[in-house]
Amino acid sequence: MSKIIGAVEIGTSCAKALVGEVTEGKSLNIVGKSVRKNEGMRKGEIVDFRKVASSVHAALEEAEKMSGTTVDSVYLAQTGAHIKGSFLRGSANVASPDGRVSVDDLQTAANEAKRKQPASGRSYVHHVRMPIQLDGRSVEDPVGMIGKKVELIYWSIEGDESAIRMNLDLAHNYGLEVADLILSSIASSTMVAGPDLRRAGVLVIDLGAGVTDLALYRNGNVAYTGVIPVGGDHLTGDLSMGLRVLEPYAEELKLEYGKAQSDPSDVDQQLWIIGNKTIGDRKVPRKTMTDIIHVRVVELFEIISKELGDLLDTSELGAGVLLTGGASRLPGIEQLASKVLGVPVTKANFPSGLGNELAQPENSTVLGLLHYGLEDHGLPGEQHKPTNSGFIKKLGGLIGI
Amino acid sequence: MNTNQETFFETNDDSSLNNNSFGIRAKVIGVGGAGISLVDGLRFDNFDFVDNLIIDVDIKAVADSLASQKLTFGRRHTRGMGTGGDVNLGKRLAEEEKDKIRKELEGVDLIFLLAGLGGGVGGGAAPVVARLAREHGALVFAFTPLPFSWEKTRHAQAEECLSELRKHANAVIPLPNDSLLQMGGEDSTALECFAEAGRNVSRGIAAICNIVFKKGMIDVDFSYLRKVFSGRGGRTLFGYGKGSGTEGLREALRDLLVCPMLHMPDVSKAADILLIFIQGGTSLSMSGLQSVSKEIRDSFKAGEDVVFGAHVDENLGEEVKITILGVTSLDPLVPTADVAPVAQQVLELGKNPKQSHRSKLEITNTSPEKTSSMATRKKRGRKSDNKEQNTFFFMEAENQRGIFDDLPSRNMYEGEDLDVPSYLRRGVKIVI
């Protein structure tokens, strides 16, 4: 029996929708895909709801049409500068007299961890569970084992309630349930950093149009996630102002000639702004263009380095740093990032088996949504219900849906 | 609305007499340390009728200045020393001795206020001086250096002072220190860069004074200038360009359009009110002036309120200089009276201070009166109006705004606005 699931990422430059078909419970086929330009967003946040809604709905419609089916529920990506993460802990003494851990003990610990409510105007987006601790030892599934105390730790991500709500409404308005809200950085790292890389320690930097999403893994677990409100659009904006050209031309120049680091061949090279030598067209030095990009990229990685602080430790990052997202296409960005961060940096690869069209850096979040959604992230003994409205339960009455 | 400005091209001969400007008094006022050094650095030729006044609490700084008129205040509190960057102190002291300041403003029609907004006196007292000047019915243009982005708290403080000053002055032209590095030649020294900032102020003041006080090819009188700039100033733009040779005028226009001062964050890309001043040698042609001024007006989406001036200066030879100054109006309906009663303007100030960043595009004025007058203007259109002007077709209105301009909040990280290009904040010189 097969099941249809959907994934939606409402990104700053594009809204993306995927339709996946799960057969035999495990194997996933992508049967529908659509990307629509999104003009209602800035830096990962909605500024024009109706514009965003129309591109999201158009993307969904097209993806559904392509797949020939309809989707009932979707996994939705969430990012934005308002997102913050922190560790929450909860523990429970093993209740049964024979000292065997039961599912109820785990539930008690989970409830205690999630007891802490976010400040008013904020809601939880996502709780990422760390391995369960039984008397201080990490255990995959302690149910039935003998011990005194179980401890649960979550990396809990919260964000601005109205921003999250708008994101959810975009799916609801199309008549879709949101199966789960997933942090963008977690989704993209699920896609580009497999379990072995996560165990070795890896930092995934997803350079989007509006924001840069960070996820750092140590020993296979999330150790940090973050969002920096700087993305590829900032390169375009800087070029537009620095070269005194309009945004669409700056964007084209960036895609065509942009690079992170200037080289000797740039000197004396002049680029036409529009390219067809229309009246009013003029030339700009390629060196200047590269310099503008260079300072922005250096600054971005300096901010990333500052945000991570001690977490950016070469010895804990066996798999180094992976770059993904549309802006990671910028030639030379990995060398520059490596220089600033002081850690080996490479562009991320996709697992084999994905079509060429899908295996593009800007798709890692939306692809990751499906993969993350399929995995079982519940507590042992808890029933895994991917299409149930899990997120709504998670939040309870908090945002009143 | 359609005063003589409309008919300039038809009626103006080589020179027109500016009788109306007779008896107009202008004063350059430097407030605080940076203001004083700007006043001292001004270089005007033949502008004897413009007085220079400097105001500060620092007695020594005032004593060292070359300005002809000097005023110190706040002596009781600071014993003649500075405010130590305390804006509130600067403001309070100026308020306490406002009668003393008022006396200096009496009978002055046009005021150029120069003040560095990062300082205690410049930031605190300049808005008070601007307010008092407006109460006296003067037209106030302010040129205000802003601290570098990396001077974090001072920069934030200066931005607050800027919006305060915008409430009072008719036009405030910010001169961000971040822009200094973008000026001058490729390897300019720091000193040259600061001198360039000083020259910008001279350029702006000279453009306005030339148009109003000096006899040239095309001028306007002061009452017209006053009428056009009577509203409260919103965002402004200020730029200049020069060219030489047979294509001097066009070259100056191209230079103007890439002027670094026009490509800074917070600089308006459109102007409801635009002042254009063109200076050139004897070869300045009428048709050239006409088409260049039209292109400038189109590029900055200027409406009816254009102050245009053109002077021939034989010393310039083949060189042509263009200076423009524009203001985005905050009052969609500019008062039709010659000058709105000052009391009323002051009353309006309190209403909606948050509007100080509103742009032209949000308050597109489509009152029937205005559109019809636009229509008649079109109909009457001079030849060049019909001529195909697609030179700047790629500067469409929706593209005119800074890329992150529509966001309500700033993208602050450790005191710096990340939406402002890194090269500006990091002082990387851009050569184009």
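The values are calculated or read from the model by the stated rules, or taken from the named source; none is laboratory data. This is a predicted model, so every value here is computed, not measured. So basically every Cβ, Gly included, is an ideal-geometry build from the backbone, and we count neighbours across all protein chains shown. These accessible areas exclude ligands, DNA and RNA; they are computed on the full protein's heavy atoms, side chains included. Shrake-Rupley method; radii C 1.70, N 1.55, O 1.52, S 1.80 Å.
In the range A:344-401, which residues are at pLDDT 90 or above and more than 20 Å from the chain's Cα centre (by Cα)?
A:PRO344
Between a first residue in the range B:74-96 that is within 21 Å of B:ALA63 (Cα to Cα) and a second residue that is open to solvent by 40 Å² or more (accessible area, probe 1.4 Å), which pairs have beta carbons less than 7 Å apart while being 6 or more apart in sequence or on different chains?
So the pair list comes out as B:GLY80/B:ILE59; B:MET81/B:ASP58; B:GLY82/B:ASP58; B:LEU93/B:HIS77.
What number of residues within the range A:223-234 are within 14 Å of another protein chain (Cβ to nearest Cβ) and outside any helix (DSSP H, G or I)?
As a first pass, look at the range A:223-234 and keep what is within 14 Å of another protein chain (Cβ to nearest Cβ): A:226-234.
Then drop every residue that is not outside any helix (DSSP H, G or I), which leaves A:226-231.
Going through the range A:223-234 one residue at a time, the tally reaches 6.
For the range A:62-106, name all the residues that are touching a residue at least 24 places away in the same chain (Cβ under 8 Å), farther than 22 Å from A:LEU183 by Cβ and open to solvent by 60 Å² or more (accessible area, probe 1.4 Å).
Across the range A:62-106, the qualifying residues are A:GLU62, A:LYS65, A:MET66, A:GLY68, A:THR70, A:ASP72, A:ASN93, A:ASP98, A:ARG100.
Could you please find all residues in the range B:55-110 being open to solvent by less than 40 Å² (accessible area, probe 1.4 Å) and within 18 Å of B:ALA26 (Cβ to Cβ)?
Scanning the range B:55-110 gives B:ILE55, B:ALA67, B:LEU71, B:ILE101, B:LEU105, B:VAL108, B:ASP109, B:LEU110.
Would you please name the residue that is nearest to B:ASP419 (Cα to Cα), looking only at residues in the range A:179-220 that are open to solvent by 10 Å² or more (accessible area, probe 1.4 Å) and of a type in the set (Gly, Ala, Ser)?
A:ALA209
So which of A:GLY258, A:GLY220, A:GLY208 ends up being modelled with pLDDT of 90 or more, at positive phi and more than 13 Å from chain B (Cβ to nearest Cβ)?
Details: A:GLY258 fails: at positive phi; A:GLY208 fails: at positive phi.
Within the list A:GLY258, A:GLY220, A:GLY208, the selection yields A:GLY220.
In the range A:261-280, how many are at positive phi and either within 7 Å of chain B (Cβ to nearest Cβ) or of a type in the set (Phe, Trp, Tyr) (or both)?
1
Considering only the range B:106-146, how many residues are within 21 Å of B:GLY82 (Cα to Cα) and more than 18 Å from the chain's Cα centre (by Cα)? Steps first, answer last, please.
Restricting attention to the range B:106-146, the residues satisfying the condition of being within 21 Å of B:GLY82 (Cα to Cα) are B:113-130, B:144-146.
Then drop every residue that is not more than 18 Å from the chain's Cα centre (by Cα), which leaves B:118-121, B:124-125, B:128.
Of the residues in the range B:106-146, 7 are within 21 Å of B:GLY82 (Cα to Cα) and more than 18 Å from the chain's Cα centre (by Cα).
Could you tell me which numbered condition B:LYS60 fails, if it satisfies all but one of (1) within 26 Å of the chain's Cα centre (by Cα); (2) without any contact (Cβ under 8 Å) to a residue 60 or more places away in the chain?
(1)
State the number of residues belonging to the range A:235-252 that are open to solvent by less than 30 Å² (accessible area, probe 1.4 Å) and more than 7 Å from every other protein chain (Cβ to nearest Cβ).
4
So which helices (runs of 4 or more DSSP H) stay within the range B:1-69 end to end and still have 2 or more residues that are of a type in the set (A, V, I, L, M, F, W, C) and modelled with pLDDT of 85 or more?
Here the list reads B:32-41, B:59-64.
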